[in-house]
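Comments concern the structure below.
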Amino acid sequence: MVVNLYSNPMKKILFITALAFLSISSKAQTKKAVFIIIDGVSKDVLEKLNTSNIKAIAQQGALISAYQGGERSKFNQTPTISAPGYNNVLTGVWFHKHNVPDNSIKAPNYHYPTIFRFFKTAYPQKKIGIFSSWEDNRTKLVGEGLKQTGVIQFDYKFDGLELDTLKFPHDKESKYMAKIDQAVTNEAARVIKENAPDLSWVYLQHTDDTGHAHGDSEKYDESILDADRYIGQIWNAIKIRQEKFKEDWLIIVTTDHGRDPKTGRHHGGQSDRERGGWIATNAKSLNTYAKNGNASVVDILPTIANHLSIPLSIDQRRELDGIPLTGKISISNPEVNYADGKANLTWSSEGDKGKVKIWLSNNNNYKQTGEPDAYKLVAEVPSKDGQFIIDLSKDPASPIYKIVIEGQSNTVNRWIVNQK
């Protein structure tokens, strides 16, 4: 039997609406993300070199100044060392929370999930990949297979080549690491082109080895240009996916620390050059904070979460130190100064005409046990005010006060610790 849909006006409207919905759904792009960390690349050197591939990525989005090292001389100051730098990116929080102060990675605080755990918890059926010249990135920082990390497993993994001294015999010049970086790149580009994991991390190390060996030098510059070529290989694989499958890819390239200002051989301190990080991305919906604010590498996690639509709980948002670089935000640049029993809060209002809620807790369950903290609402004030004073003089003495400023579009936090 043939049904004439157009004999009934209401059926006609429903039919056309359904077709329009199906058309829109069919055009929805699958979202993917990859972030690349190249070790120990100082921003001043990056900017002077013709890193054509990094610059090509930034031309689609931006090259953003983004500091490492936490806030200088404050409770969240973080060593400008490799593993802490990676974990700042992975967890979206600084050392005082993730507890990785050096490369030994003895006791990470897994109560602060990596971007991979956030993603796999939300979308267990989707795929994640890691391509790295250092196996500890997978086994210790992300904590693959550990009970504390929910026994997370990578769908694609390629690392541990630094342990294969037969295939990659070690030499004083660390040339073997350049070969490993090339092998890591080859596999990452192949897997992205053929399998397209939904979220991937690529880590390249040789630039830092060259910096330690030669400092600011022609050889250091050459290692950065090599890394740029590796990034171009991965970028080309992404462009093939975009063209062939119409996927929506976010790529972020960053570094874990800069170099010491005197010779470029060292890092770990809090000089401007050691803290001077950067983010190159093709993201097109960058907000005013990304363009004009005091961005940092902990902003990478919430930015990826935005792109991949990863839901974060209220308690998780209250703990993150990062602010999304894309999409609408309400507040940024929070500060707290404590004196005479009073906490003087300030923040930047990002054009939000609404109110912010100010919350206070004097326990630290989340960090210690992973359980939510008990917060009380202190006040609601217009976001545009940009300041508020909390009188703590009448509260019972506490070793910590955790303050959360909750805007309509994002949440920021600051802690007061070890006050007497």
Solvent-accessible heavy-atom area per residue, rounded to whole Å², over the chain at 1.4 Å: 45 Å²
Filtered trypsin sites (Lys or Arg not before Pro), segment 132-241: DSSP coil and at most 11 other beta carbons within 10 Å: Lys167, Lys172
Highest-fluctuation residue, Phe245, Phe158, Phe75 considered, GNM on the chain with Cα pairs under 10 Å: Phe245
For Tyr112, net neighbour charge (Lys/Arg +1, Asp/Glu -1) across residues whose Cβ lies under 11 Å away: +1
Rg(Cα)/(2.2 N^0.38 Å) for segment 336-420, N = residue count: 1.09
Lysines with Cα under 19 Å of Lys246, excluding same-chain neighbours fewer than 8 positions away: Lys27, Lys31, Lys32, Lys126, Lys127, Lys193, Lys284
q = 0.18 Å⁻¹: log10 I(q)/I(0) that the Debye formula gives for segment 55-128, counting C-alpha atoms only: -0.81
Farthest positive-ward along the chain dipole, Cα basis, beta-carbon charges - from Ala62, Leu141, Ala227: Ala62
Fraction of antiparallel bridges per DSSP, the chain only, in percent to nearest 5: 65 percent
Mean-position separation - Cα centroids, segment 106-148 and segment 360-385, in angstrom: 27 Å
Residue among Ala339, Ala62, Ala122 with the largest mean-square fluctuation in a Gaussian network model of the chain, springs linking Cα atoms under 10 Å: Ala339
Within a Gaussian network of the chain (alpha carbon springs, distance under 10 Å), most fluctuating of Glu71, Glu350, Glu371: Glu371
Proximal charge balance of Asn306 [Cβ under 13 Å; K/R count +1, D/E count -1]: +2
Segment 127-168: GluC sites (Glu not before Pro) falling in loop per DSSP and having at most 16 other Cβ within 10 Å: Glu135
Under 5 Å, built H, 5+ apart or other chain: amide partners of Ala33: Leu199, Ser200, Leu250
Kirkwood hydrodynamic radius (C-alpha pairs) into Stokes-Einstein, segment 181-257, 4 °C and 1.567 mPa s, D in µm²/s: 96 µm²/s
The chain: proportion of alpha-carbon pairs further apart than 42 angstrom, %: 18 percent
Structure-based [θ]222 nm, the chain - -39500 (n - 2.57) summed over DSSP H runs of at least 4, per residue, nearest 500: -10000 deg cm²/dmol
³J(HN,Hα), Karplus 6.51/-1.76/1.60, whole Hz, each residue of segment 331-343, x for Gly, Pro: 9, 8, 6, x, 9, 9, 10, 10, 7, 6, x, 10, 9
Rg/Rh for segment 137-294, where both radii come from Cα atoms and Rh is the Kirkwood radius: 0.98
Segment 211-286, accessible surface, carbon-and-sulfur percent (1.4 angstrom probe): 51 percent
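The values are calculated or read from the model by the stated rules, or taken from the named source; none is laboratory data. Every value quoted in this text rests on a predicted model; they were computed, and no experiment measured them. Glycine also receives a Cβ, built like all others from the backbone with ideal geometry; neighbour counts cover every protein chain displayed. Side chains included, ligands, DNA and RNA excluded: accessible areas come from the protein's heavy atoms. Shrake-Rupley method; radii C 1.70, N 1.55, O 1.52, S 1.80 Å.
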